[in-house]
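Student: Take this structure first; my questions come after.
The values are calculated or read from the model by the stated rules, or taken from the named source; none is laboratory data. All values derive from a computational prediction rather than experimental measurement. Here the Cβ positions follow ideal geometry from the backbone for every residue, glycine too, while neighbour counts run over all protein chains shown.
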Amino acid sequence: MLKYRMNAKTGGRAEVLIYEDIGDSWFGGVSAKQFSIDLKALGDVQTIDLRINSYGGDVFDGLAIYRQLVDHKATVISHVDGIAASIASVIAMAGDEIMIAEAGEIMIHDAWGVAIGPAEDMRAVADRLDAISGTIADVYVARTGQTKDQVRAWMTAETTFQSADAVKYGFAQSVAPNLTMAAHKGLSPFHWRRAAGGDPPTNDAEPPLWTAASEQLRRQRARLEQARAAR
């Protein structure tokens, strides 16, 4: 299944799909290097639709991808189609406009790392992680207008923003609404279209996006532990 791609469309528009982990090391996802090659191959485009459904990955690959998009001359529109968690949420912040699906989520947290060695090495790694978390916080502060203290508190608490709160606190500018059932004779209960008013269907048996995100984060932590044990 294709989880990452870039396509040039008509009218000077391009689509970038990141339904994938970030970084090609432990995470096996899209690297900043590959992203750069593909972005240049798009040629002269005026608008980039950046579509994201990712639990995150490598922080430095993510920061590099973010920078490439910020520096690109095209207008970037970020679409959080499912979840933008961890460093994927930083990539979303590169959008000149950020739209989040009504069922979408944005999750932010402090930087993680792996260390092995004596106490001094551990303290050095902790200091490094604090510095990286501060760098990430600066991205959120610049985009949201929130104070750095508030952003750092959200990161420390590993905070998830549903779509309405993402807009409220500046992590997105608009919500792409769910489809609602059309009140039209002859349509089956499974025929959906955009319509004003009405409540979207619910499925209590389906776990929320954060359940899947928590499991992905657990797997990422496990990979970090495996890498440490292998050293």
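Student: What are the pairs, 6+ residues apart or on separate chains, where a residue within the stretch 162-175 that is over 13 Å from Gly104 (Cα atoms) has its Cβ under 8 Å from a residue that is hydroxyl-bearing (Ser, Thr, Tyr)?
Tutor: Going by the 8 Å Cβ cut-off, the qualifying pairs are Tyr169/Thr144; Gly170/Thr144.
Student: Assuming Ala64 fulfils every condition listed in (1) at pLDDT 95 or above; (2) of a type in the set (A, V, I, L, M); (3) out of contact with any strand residue (DSSP E or B) (no Cβ under 7 Å at 6 or more places or on another chain); (4) not in a helix (DSSP H, G or I) apart from one, which condition is it?
Tutor: Every listed condition holds for Ala64 apart from (4).
Student: Between a residue in the stretch 122-134 that is within 17 Å of Thr147 (Cα to Cα) and any residue that is in a helix (DSSP H, G or I) and hydroxyl-bearing (Ser, Thr, Tyr), which pairs come within a Cβ distance under 9 Å, given they are 6 or more apart or on different chains?
Tutor: Correct list of pairs: Ser133/Thr156.
Student: I'd like the full set of residues that are within 21 Å of Trp112 (Cβ to Cβ) and among the hydrophobic types (A, V, I, L, M, F, W, C), limited to the stretch 146-175.
Tutor: Result: Val151, Ala153, Trp154, Met155, Ala157, Phe161, Phe171.
Student: If Gly23 meets every condition in (1) at pLDDT below 95; (2) under 14 Å from Ala74 (Cα atoms); (3) in contact with a helix residue (DSSP H, G or I) (Cβ under 7 Å, 6 or more places away or on another chain) apart from one, which number is that one?
Tutor: The number of the failed condition is (2).
Student: Go through (1) of a type outside the set (Asp, Glu); (2) surrounded by 17 or more Cβ atoms within 10 Å (Cβ to Cβ); (3) over 15 Å from Glu20 (Cβ atoms) for Phe60 and report which single condition fails.
Tutor: Result: Phe60 passes all but (2).
Student: Further, regarding this structure: Go through the stretch 26-57 and give me each residue that's touching a helix residue (DSSP H, G or I) at 6+ places or on another chain (Cβ under 7 Å) and among the hydroxyl-bearing types (Ser, Thr, Tyr).
Tutor: Once the filter is applied, which keeps residues that are touching a helix residue (DSSP H, G or I) at 6+ places or on another chain (Cβ under 7 Å) and among the hydroxyl-bearing types (Ser, Thr, Tyr), the stretch 26-57 yields Ser31, Ser36, Ser54, Tyr55.
Student: Quick one: in the stretch 26-53, of everything that is at pLDDT 95 or above and part of a strand (DSSP E or B), which residue is surrounded by the fewest Cβ atoms within 10 Å (Cβ to Cβ)?
Tutor: Restricting to residues being at pLDDT 95 or above and part of a strand (DSSP E or B), the top hit is Thr47.
Student: Could you tell me whether any residue of the stretch 132-147 is at pLDDT below 95, of a type outside the set (Asp, Glu) and crowded, with 17+ Cβ neighbours inside 10 Å? If you could, list the steps in order and put the result at the bottom.
Tutor: Of the residues in the stretch 132-147, the ones at pLDDT below 95 are none.
No, the stretch 132-147 contains no residue that is at pLDDT below 95, of a type outside the set (Asp, Glu) and crowded, with 17+ Cβ neighbours inside 10 Å.
Student: Also: Please verify whether Gly113 is assigned to a loop (DSSP other than H, G, I, E, B), within 19 Å of Gly62 (Cβ to Cβ) and not hydrophobic (A, V, I, L, M, F, W, C), treating the condition exactly as stated.
Tutor: Working: assigned to a loop (DSSP other than H, G, I, E, B): yes; within 19 Å of Gly62 (Cβ to Cβ): yes; not hydrophobic (A, V, I, L, M, F, W, C): yes.
It is true that Gly113 is assigned to a loop (DSSP other than H, G, I, E, B), within 19 Å of Gly62 (Cβ to Cβ) and not hydrophobic (A, V, I, L, M, F, W, C).
Student: Here is a follow-up. Using the structure shown, decide if Ala115 is of a type in the set (A, V, I, L, M) and under 23 Å from Pro177 (Cα atoms). Before the answer, list the steps.
Tutor: Numbers: of a type in the set (A, V, I, L, M): yes; under 23 Å from Pro177 (Cα atoms): no.
Criteria not met by Ala115.
Student: Pairs under 6 Å by beta carbon, first residue among the polar types (S, T, N, Q) in the stretch 69-85, partner not in a helix (DSSP H, G or I), six or more apart or different chains?
Tutor: Close Cβ pairs satisfying both conditions: Thr75/Thr47; Thr75/Asp96; Ser78/Leu50; Ser78/Gly95; Ser78/Ile98.
Student: Determine which single condition Gly113 fails, assuming it passes every other condition in (1) out of contact with any strand residue (DSSP E or B) (no Cβ under 6 Å at 6 or more places or on another chain); (2) of a type in the set (Gly, Ala, Ser); (3) buried (at least 16 other Cβ atoms within 10 Å of the Cβ); (4) touching a residue at least 40 places away in the same chain (Cβ under 8 Å).
Tutor: The number of the failed condition is (3).
Student: Separate question: Out of the residues in the stretch 63-93 meeting the condition of being touching a Ser or Thr at 6+ places or on another chain (Cβ under 9 Å) and within 19 Å of Gly43 (Cα to Cα), tell me which one is surrounded by the fewest Cβ atoms within 10 Å (Cβ to Cβ).
Tutor: Step by step, filter the stretch 63-93, then rank; the result is Thr75.
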